[in-house]
Amino acid sequence: MKTIVECVPNFSEGRDPRVIDRIASAIDSVAGVGVLHRTMDADHHRAVITFVGNREGVAEGALRAMGQAAELIDLNHHSGAHPRIGATDVVPFVPVSNVTLQDCALIAQAVGREACRRFGIPVYLYGAAARQPERARLENVRRGQFEGLRAELAEATDRCPDFGDAELHPTAGATAVGARKFLVAYNVNLMTPDVRLAGRIARKIRASSGGLPHVKAIGVDLKTRNQAQVSINLTDFEISSIQRVFLAVCREAERMGTRVSDSEIVGLVPRRALPPSYQSSLQLKDFRPDMVFENRLAAWLKL
């Protein structure tokens with residue numbers, strides 16, 4: 001059986017496609033690696049690239065991507081709706097075939113060490129690769145974002161990275177590198193521009209506030225659409241399904257005097273995460289069959 005690892009790095013650039021083209025080309029330059037998908041969002045000012053390969057290939061692809069991002073993205077001139085600490089903000093490795101989550105944690109540790117050596121980027125290990133229990137949660141690593149983390153590291157704190165000195169790269173910041181199961185990035189858009197309302201819904205449904213298990217959520221202001229959004233990560237869709245989360249947002253929105261306009265999946269989604277009649281039941285916007293992970297993977301394997 002072929003060994004396949006997925007890597008889904010997130011970059012702090014959602015408005016200049018030329019930057020993401022160059023990063024994707026750096027990944028593609030690694031033999032045996034395939035870029036399956038990319039997406040950008042101007043309001044979040046963030047891009048996500050999904051690629052696959054064997055252990056060695058995805059590790060090198062991630063490193064080349066981080067190097068390109070460090071050259072092209074300056075966080076001192078970046079602002080967007082999505083929290084971030086680095087030009088390459090987060091690099092998760094996900095087991096797909098003939099590989100375990102622990103194998104992916106070892107890949108993450110090796111990539112973190114090498115990224116620090118090659119580029120001088122401090123690295124925090126998170127998820128299944130975390131060396132400190134509190135860093136298993138990505139939101140703990142990203143607390144304060146680039147500016148807050150930089151300020152904290154100027155003092156004697158417990159925020160020191162797992163690899164690198166206690167200071168951020170001057171333009172590329174820091175990167176969280178880790179291992180996790182499949183994650184579904186999912187947004188629900190509201191028929192209101194009131195981001196405070198979206199934030200209240202996010203607090204109601206997310207696990208950290210006593211809501212649905214394995215759900216992370218924040219309220220986001222989509223300035224280009226004059227719309228508020230509940231931006232969600234489902235870290236275990238087998239426990240809290242997309243359908244369950246969508247219905248919870250609909251229920252809370254109606255209770256607060258508004259409604260859901262539509263929803264959207266960011267990046268690729270495993271087929272088993274989609275409910276029956278998902279297009280209508282989730283009011284999905286701009287969703288295509290080639291956004292199903294297995295479909296993209298099958299196409300790549302036939303090349």
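The values are calculated or read from the model by the stated rules, or taken from the named source; none is laboratory data. Keep in mind the model is a prediction, meaning the values are calculated, not measured. Every residue, glycine among them, receives a Cβ derived from its backbone with ideal geometry; neighbour counts consider all protein chains shown.
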Kindly indicate whether any position in segment 222-230 is closer than 21 Å to K181 by Cα, modelled with pLDDT of 95 or more and either among the hydrophobic types (A, V, I, L, M, F, W, C) or outside the structural domain of G127 (by TED's automatic domain parsing) (or both). no
Suppose the filter is surrounded by fewer than 21 Cβ atoms within 10 Å (Cβ to Cβ), under 16 Å from the mean Cα position of the chain (by Cα) and more than 21 Å from V269 (Cα to Cα); does P17 pass it? no
Hits in segment 228-270 (condition: buried (at least 20 other Cβ atoms within 10 Å of the Cβ) and without any contact (Cβ under 8 Å) to a residue 40 or more places away in the chain): A228, S240
Return yes when A298 is of a type in the set (A, V, I, L, M, F, W, C) and free of Cβ contacts under 8 Å to residues at least 24 places away in the same chain and no when it is not. yes
For segment 152-176: of the residues being among the small types (G, A, S) and modelled with pLDDT of 95 or more, which is farthest from S240 (Cα to Cα)? G164
Among the listed residues A202, A128, A179, A115, which satisfies the condition of being modelled with pLDDT of 95 or more, in contact with a Pro (Cβ under 8 Å, 6 or more places away or on another chain) and buried (at least 19 other Cβ atoms within 10 Å of the Cβ)? A179
If the Cβ limit is 7 Å and pairs must be 6+ apart or interchain, which residue in segment 38-52 that is in the same structural domain as P17 (by TED's automatic domain parsing) and free of Cβ contacts under 8 Å to residues at least 40 places away in the same chain pairs with which residue that is small (G, A, S) and buried (at least 22 other Cβ atoms within 10 Å of the Cβ)? R38/A47; M40/G14; M40/A47; H45/S12; H45/G14; A47/G14
Considering every residue within segment 250-263, establish whether at least one is part of a loop (DSSP other than H, G, I, E, B), under 20 Å from the mean Cα position of the chain (by Cα) and either at pLDDT below 95 or of a type in the set (A, V, I, L, M, F, W, C) (or both). no
Residues that are out of contact with any helix residue (DSSP H, G or I) (no Cβ under 6 Å at 6 or more places or on another chain), of a type outside the set (S, T, Y) and closer than 30 Å to G32 by Cβ: does segment 274-287 have at least one? yes
For segment 186-209, state whether one or more residues are over 23 Å from H45 (Cα atoms) and among the hydroxyl-bearing types (S, T, Y). yes
Report yes if L101 is touching a residue at least 24 places away in the same chain (Cβ under 8 Å), buried (at least 23 other Cβ atoms within 10 Å of the Cβ), in the same structural domain as V33 (by TED's automatic domain parsing) and not small (G, A, S), otherwise no. no
If you go through A24, A70, A31, the only one that is surrounded by fewer than 24 Cβ atoms within 10 Å (Cβ to Cβ), outside any helix (DSSP H, G or I) and of a type in the set (G, A, S) is A31
Which one of these is under 19 Å from G80 (Cα atoms) and within 16 Å of the chain's Cα centre (by Cα): A202, A174, A179? A174
